[in-house]
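Coordinate-derived values only; no laboratory data. What you are looking at is a predicted structure, and each value in this text was computed from that prediction instead of being measured. Cβ coordinates were reconstructed from backbone atoms using ideal geometry, including for glycine residues, and neighbour counts include every protein chain displayed.
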Amino acid sequence: MWGPPCGRVNQIGVTGVDLPGMIGQLFCRIWLRGYATSIHRERVWDLPWSAADPGRHAFEWDEDEAARLTALVVPMVPSEADWAADPGRMAGFRFMDEVTVLLVSRYGRWVCGWDFSVHFGGPVEAWCCDSHSVGEPTETAECVVTCLLEWRDWLEDIAERFEQLAPLPDMDAEDRSWHLERAVTRLVTAVVNSTHAEGGWHGLCETTLTWFLTSTGLGRDEAQKAVEAAIGGRFKSYVAPAPTLVDTVGEDLAIRLTGRGFYRER
């Protein structure tokens, strides 16, 4: 289970324990015990690809819209008085959730990753966390806009990769296996590069691979189970996987889904 602002972690894998990930998850759970809000915020890992796919959700953007959004966010930023009256330091979390609700109402569910910071396994570089990124109102609002565009760019990049890597419908099992292995290798590498293999990066990796498989027509539950089984707890927080491990995970997933291997000399 993921929680704000932490990335998803695999607590116990086939090969052992992801201790940094477990510590991060425990920290989040303890911190959030005092965090109560009436807002139900969807998270990236909750979204099906149909909700995140930029090809299905138009995003009209220009300088005027940037100015309008900035103006809407500025008064939402917690004031010094808000922080002073909040000894639990939850004003920042509430702000982030309220911003998410605003963004979803304007643009759609895909926006929920706008604050998925690279420091917690996400691809967004401009955002850190509530304590470091929520400050002076105008600067904070402009940062929200930057993060939203960064998240959209990442989704568009991933969608383009999905289209390029998808196996053709009429391929036989062996050809499909080869294409699936290649897709896993390239998508894992893309996620590692985007997240810098920070804590919980493999959560976004699992989500990305699941999205890819569902984009090819596989059911979501089947895709999730296949991805989790192929990774098998072998990806760890703060550790970029070796190319041989990425190849192995790709091969395991491909064989699991097609029942066939492929010829390495390709």
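Can you put S215, S237 in order, fewest other beta carbons within 10 Å first?
Neighbour counts put them in this order, fewest first: S215, S237.
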Can you pull out the chymotrypsin sites (Phe, Trp or Tyr not before Pro) in segment 202-266 whose DSSP state is coil and whose Cβ has at most 11 other Cβ atoms within 10 Å?
Y263
Please identify every one of the GluC sites (Glu not before Pro) in segment 191-266 that sits in a loop by DSSP and has no more than 10 other beta carbons within 10 Å of its own beta carbon.
E265
Relative contact order of segment 42-155, pairs being alpha-carbon contacts under 8 Å that are 6 or more residues apart, as %:
32 percent
Taking R0 as 45 Å, what FRET efficiency do you get between R220 and A81 from their Cβ-Cβ distance, rounded to the nearest 0.05?
0.50
In debye to the nearest 20, how big a dipole does segment 152-233 give about its Cα centre with +1 on each Lys and Arg Cβ and -1 on each Asp and Glu Cβ?
160 debye
